[in-house]
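One structure is given below, encoded as structure tokens.
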Amino acid sequence: MQKELAMNETISFNEDHTRVNLIVSKEFYEADNILLILRSYSEKYFLTAQPVGNNSVEIVIQAKDKQAINDRVPYDFINDLTDMQLKIDLQKEFSSIRNKIIDYTFSVVG
């Protein structure tokens, strides 16, 4: 079963649902973000990530216990990727303002 998502992303399960292949965009998700989210899923799943062409990454999620993977897992994974990428982007955009506020807050008044 294969489903297409936004930005040419796909989710496909193998026949017995013990393995999921995700194709996600390298243009949207940074490598560090992907690695961070992979780490958060590593206790329960075997995971791999490798580039596919110039614009995509294939992520393979495989159940360690050889049980079927719930249909929600790949969607939760993509939601986690998106959530973390938004946090990263906001931090980049507003970190200088945050630093100025902190510097001003802890500056010596006098």
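The values are calculated or read from the model by the stated rules, or taken from the named source; none is laboratory data. Everything numeric here is computed off the predicted structure, so don't read it as measured data. Neighbour counts run over all protein chains shown; Cβ positions are idealised from the backbone, glycine included.
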* Asked: Among the residues of region 61-68, is there at least one that is outside any helix (DSSP H, G or I) and within 17 Å of the chain's Cα centre (by Cα)?
  -> yes
* Structure fact -> Of (1) surrounded by 10 or more Cβ atoms within 10 Å (Cβ to Cβ); (2) part of a strand (DSSP E or B), GLN50 satisfies every one except (1)
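Which residue is surrounded by the fewest Cβ atoms within 10 Å (Cβ to Cβ), if the candidates are limited to region 53-64 and must be aliphatic (A, V, I, L, M) and within 15 Å of LEU81 (Cβ to Cβ)?
Filtering region 53-64 for residues that are aliphatic (A, V, I, L, M) and within 15 Å of LEU81 (Cβ to Cβ), the one surrounded by the fewest Cβ atoms within 10 Å (Cβ to Cβ) comes out as VAL60.
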* To do: Starting from region 4-32, take each residue that is over 20 Å from PHE46 (Cβ atoms) and at pLDDT below 90 and list its partners that are among the aromatic types (Phe, Trp, Tyr) and assigned to a helix (DSSP H, G or I), counting only C-beta distances under 9 angstrom and pairs at least six apart or across chains.
  => LEU5/TYR75
* To do: May I ask you to list the residues in region 13-37 that are touching a strand residue (DSSP E or B) at 6+ places or on another chain (Cβ under 9 Å) and under 15 Å from ALA63 (Cβ atoms)?
  => PHE13, ASN14, HIS17, THR18, ARG19, VAL20, ASN21, LEU22
* Structure fact -> Exception for PHE28 within (1) more than 11 Å from the chain's Cα centre (by Cα); (2) assigned to a loop (DSSP other than H, G, I, E, B) falls at (1)
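Select from region 72-110 the residues that are small (Gly, Ala, Ser) and not in a loop (DSSP other than H, G, I, E, B) and write down the one among them that is nearest to VAL60 (Cα to Cα). If you could, list the steps in order and put the result at the bottom.
Pass one, region 72-110, residues small (Gly, Ala, Ser): 95-96, 107, 110.
Among the residues that remain, those that are also not in a loop (DSSP other than H, G, I, E, B) are: 95-96.
On the way: SER95: 33, SER96: 37 Å.
That would be SER95.
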